[in-house]
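Enquirer: The structure that follows is given in the form of structure tokens.
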Ligand SMILES: Cc1cc2nc3c(=O)[nH]c(=O)nc-3n(C[C@H](O)[C@H](O)[C@H](O)COP(=O)(O)O)c2cc1C
């Protein structure tokens with residue numbers, strides 16, 4: 001997949017005083033997103049509902065992070081981690097996400113995610129960490145295409 005470098009490299013800053021919220025069904029299909037989610041991801045609500053949550057997956061994210069997420073959720077535990085997400089315009093935003101089950105009468109019915117901003121140094125740290133993990137696992141390296 002080719003990216004337009006100029007759009008791809010633009011970071012959207014996540015506000016300190018708002019939560020980016022979404023919910024999914026048990027298969028990771030989006031059932032709800034709040035206004036802040038729409039604004040930060042660049043999608044309209046109707047473009048998100050019914051889509052798999054990997055609509056915002058950034059190619060810099062190692063596969064193993066999501067394997068860990070789903071194993072944690074399958075074990076009925078809460079997952080917390082740092083995620084780089086892809087905007088509709090191919091820009092990116094960094095968040096710390098807390099993802100957990102939504103229960104009704106003791107039954108797991110959905111998953112929810114609450115996201116908050118992280119510091120600049122945590123972005124750098126995680127970018128390097130994720131680059132190393134992808135490299136170690138033979139996943140795609142980051143490349144910039146010049147035209
Ligand atoms: C409630 C919830 C929120 C999620 N939020 C994100 C997210 O913000 N970004 C992301 O890349 N994946 C998120 N995921 C994980 C995706 O469902 C998916 O596993 C991941 O994007 C990897 O995509 P893939 O399995 O198609 O490779 C979330 C999953 C759940 C259950």
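Enquirer: From the residues in region 18-49 that are more than 14 Å from the chain's Cα centre (by Cα) and near the ligand (Cβ under 10 Å from one of its atoms), which one is surrounded by the fewest Cβ atoms within 10 Å (Cβ to Cβ)?
Expert: Out of the qualifying residues, it is 27.
Enquirer: Conditions: (1) touching a strand residue (DSSP E or B) at 6+ places or on another chain (Cβ under 8 Å); (2) under 17 Å from residue 83 (Cα atoms); (3) surrounded by 15 or more Cβ atoms within 10 Å (Cβ to Cβ). Residue 52 meets all but one. Number of the miss?
Expert: Every condition holds for residue 52 apart from (3).
Enquirer: Please specify each residue of region 9-32 satisfying the condition of being at pLDDT 95 or above, within 25 Å of residue 127 (Cβ to Cβ) and in a strand (DSSP E or B).
Expert: Across region 9-32, the qualifying residues are 20, 21, 22.
Enquirer: If you don't mind, there's one more thing I want to ask. For residues in region 63-93 being in a helix (DSSP H, G or I) and surrounded by 15 or more Cβ atoms within 10 Å (Cβ to Cβ), which is nearest to the ligand (Cβ to nearest atom)?
Expert: Pass one, region 63-93, residues in a helix (DSSP H, G or I): 63-74.
Right, trim to surrounded by 15 or more Cβ atoms within 10 Å (Cβ to Cβ) and you get 65-66, 69, 72-73.
Numbers: 65: 8, 66: 4, 69: 6, 72: 10, 73: 6 Å.
Ranking the candidates gives 66 first.
Enquirer: Conditions first: (1) crowded, with 16+ Cβ neighbours inside 10 Å; (2) assigned to a helix (DSSP H, G or I); (3) in contact with a helix residue (DSSP H, G or I) (Cβ under 9 Å, 6 or more places away or on another chain). Residue 115 passes all but one, so which condition is the exception?
Expert: Result: residue 115 passes all but (2).
The values are calculated or read from the model by the stated rules, or taken from the named source; none is laboratory data. Just so it is clear, the structure is predicted and the values come from calculations on it, not from any experiment. Counting neighbours? That spans all protein chains shown, and the Cβs are built from the backbone with ideal geometry, glycine included.
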